Structure formats: structure tokens, C-alpha cells
1. Given 0.36 nm per residue, what is the gain on full extension from Glu88 to Trp169 after removing their alpha carbon distance, in nm?
2. In the chain, with Lys and Arg counted as +1 and Asp and Glu as -1 at Cβ, which of these residues, Ser11, Gln106, Ile156, has the Cα nearest the positive end of the dipole, that is, farthest along it?
3. Averaging over all projection directions, find the projected area of the Cα convex hull of region 25-112 and quote it in nm² with one decimal place.
4. In nanometres, what is the gap between the two model label sites at Asn140 and Asp154, each 7 Å from Cα along Cα-to-Cβ?
5. Residue separation times 0.36 nm, minus the C-alpha to C-alpha distance between Gln78 and Lys161: what's the value?
6. Of Met38, Met128, Met85, which has the largest mean-square fluctuation in a 10 Å C-alpha GNM of the chain?
7. Can you give the convex hull volume per residue for the Cα atoms of the chain, as a whole number of Å³?
8. So what is the 222 nm mean residue ellipticity for the chain from helices alone, if each DSSP H run of at least 4 adds -39500 (n - 2.57) and you divide by all residues, rounding to the nearest 500 deg cm²/dmol?
Amino acid sequence: MLRPILRLGDSILSEPALAVETITPEIETLIDDMIETMYAAPGIGLAAPQVGVSLKIFVIDLSFGKDPSALHAMINPQFVEREGMQLEEEGCLSIPGFTATVARPQRVVVEGLNRHGKIFRLEGEGLMARALQHEIDHLNSCLFVDRLRGISRDLILRKIKKLSKAGKW
Ligand code: NI
């Protein structure tokens, strides 16, 4: 089932997500819905708070659904390693229409649970490292605009405020 994607300004996006204690059938349905919603958007990653559920879960697929082995759902992710730095343009399904250059680690290793409760690791460089850091940021109530310096952050927030006032956000 598709779930609506919340936008910047929704309070759930600025709450730290809680760890998942038990993988219930509801959690499995949530993961399936997140995958469907990510593909429909389309996007390469989606975090549970973006669909209004403040739990530490994200889904990621850099192949947009073309390569089944590229799809991952991770519960309670934690960084194991983070190194280097990259500067690239980035966007977010919760901030449609805006992109900015964001500093991210060049390589990360993340550990968490799969939907069956088994520990696994995801490792990536470049775009994968960026996407993993971006999704885990969502679980810590951090959006890409929060990673920007004053002026570029204010510019985006001011434009969104305007759109919001006009009922277009
Ligand atoms: Ni995002």
C-alpha cells in the first residue's frame, strides 16, 4: 500500500525515531509499504519517519527496482565505519523540488537487522554512502537542509515558507 510522504514542516520529521523492539507483522507491512512508496515516488531511499512512523527503519535501492539484489531494508541501523568526505548534489522526497550540495562521508559501513531479525551489514562508497548517511540522518531527525550552512539553508527554508503560505507545500 502506498503511504503519503510527509514534507519538511511535519513534526514527525523532526522527532528522533525509536528503536524497533520486536519485528511484528505490522513492521513487515510497513517495510513492504515503504518499498512500494519509494519505488512509486520514485526515490532511492526512504525512512519510516517520512511515512509518519517514528521508528528506526529505512529502505534503499540505488537501482530504482531494476536489480533485486540492490534492495535492502534495515532496522535499527548503526554506523560501524565512516570515512572520507564527498560533496555532491542531493535531494529528498520530503523536500521535493529542492537540491543542494551536501558534505557526506565517502565510505560507510552500517550494521542493523533485516526483516527476519538477522544482523547484516551494508557497505558503500559514493552514492551508496551518501544514501545510507541521508536515510540514517532521517532517523535522527536531520534533513539534508540541516547539514547546510546558514545562507543556503535559509534560502531553501524561506522558499518553502512562501510555498506553504500559498498552499503549495
Ligand atoms: Ni530524504
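1. 26.6 nm
2. Farthest along the dipole direction, towards plus: Ile156.
3. In nm², the orientation-averaged hull projection of region 25-112 is 6.3.
4. Going from the Asn140 label point to the Asp154 one covers 2.6 nm.
5. Gain on stretching Gln78 to Lys161: 26.6 nm.
6. Fluctuation is largest for Met85.
7. 110 Å³
8. Calculated from helices alone, the mean residue ellipticity at 222 nm is -8500 deg cm²/dmol.
Quick note: the coordinates plus some simple rules give every number you see, no bench work behind them. Fair warning: this is a prediction, and the values are worked out from it, not measured in the lab. FYI the Cβ positions are ideal-geometry reconstructions off the backbone, even for glycines, and counts take in every protein chain you see.
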